[in-house]
Amino acid sequence: MPYEVVLESTGNMLYEIILATGAVAGAITAIMALLIVIFKPIRRYLQRVFGTNKAQLALMRSEITSIYYKYLPSKSLPIYVRENLIMLNSVYVEAGGNCYIKTIFNDMMAWDVVST
């Protein structure tokens, strides 16, 4: 009989532990869901306001490509174009630009600089 009491009390403690663990897991899940609901719209807003989108990347890519083909025949850049190109390329790279622009940018950096 004493073993039955010990088993019964151990069973009750195990039940209490499982119940408490379930309550904690449920609370953590609820908190995570709440954080997602709160921060997802904020993240989208910040990306829209401060982030560089695909259209901006396309415009930068187009501008760098236009500069490349405009000055390709002479293989020389005016100094102001070179300075603007360096700034434009750094923003493009930070925004996640591709390696095609890196290739033509490196080609242009090897060209002569013309002072006008």
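The values are calculated or read from the model by the stated rules, or taken from the named source; none is laboratory data. Everything numeric in this text was worked out from a predicted model, so none of it was measured. Because the Cβ atoms are built from the backbone with ideal geometry, glycine has one as well, and the counts that use them run over all protein chains shown.
Quick notes on this structure:
- From the list Leu34, Leu59, Leu88, the lone residue that is closer than 22 Å to Val114 by Cα, at pLDDT 85 or above and under 28 Å from the mean Cα position of the chain (by Cα) is Leu88.
- Condition broken by Ile64, with the remaining ones in (1) at pLDDT below 90; (2) part of a helix (DSSP H, G or I) satisfied: (1)
- Comparison of Ala33, Ala58, Ala25, Ala20 shows that the only residue that is assigned by TED's automatic domain parsing to the domain that holds Asn84 and surrounded by 10 or more Cβ atoms within 10 Å (Cβ to Cβ) is Ala58.
- Of all residues in region 91-116 being polar (S, T, N, Q) and in contact with a helix residue (DSSP H, G or I) (Cβ under 9 Å, 6 or more places away or on another chain), the one that is modelled with the highest pLDDT: Ser115
- Taken over region 61-101, the criterion of being exposed (fewer than 14 other Cβ atoms within 10 Å of the Cβ) and basic (Lys, Arg) is satisfied by Lys70, Lys75.
- Among the residues of region 48-61, those that are farther than 11 Å from Tyr92 by Cβ and either in contact with an Asp or Glu (Cβ under 8 Å, 6 or more places away or on another chain) or not aliphatic (A, V, I, L, M) (or both) comprise Arg48, Phe50, Gly51, Asn53, Lys54.
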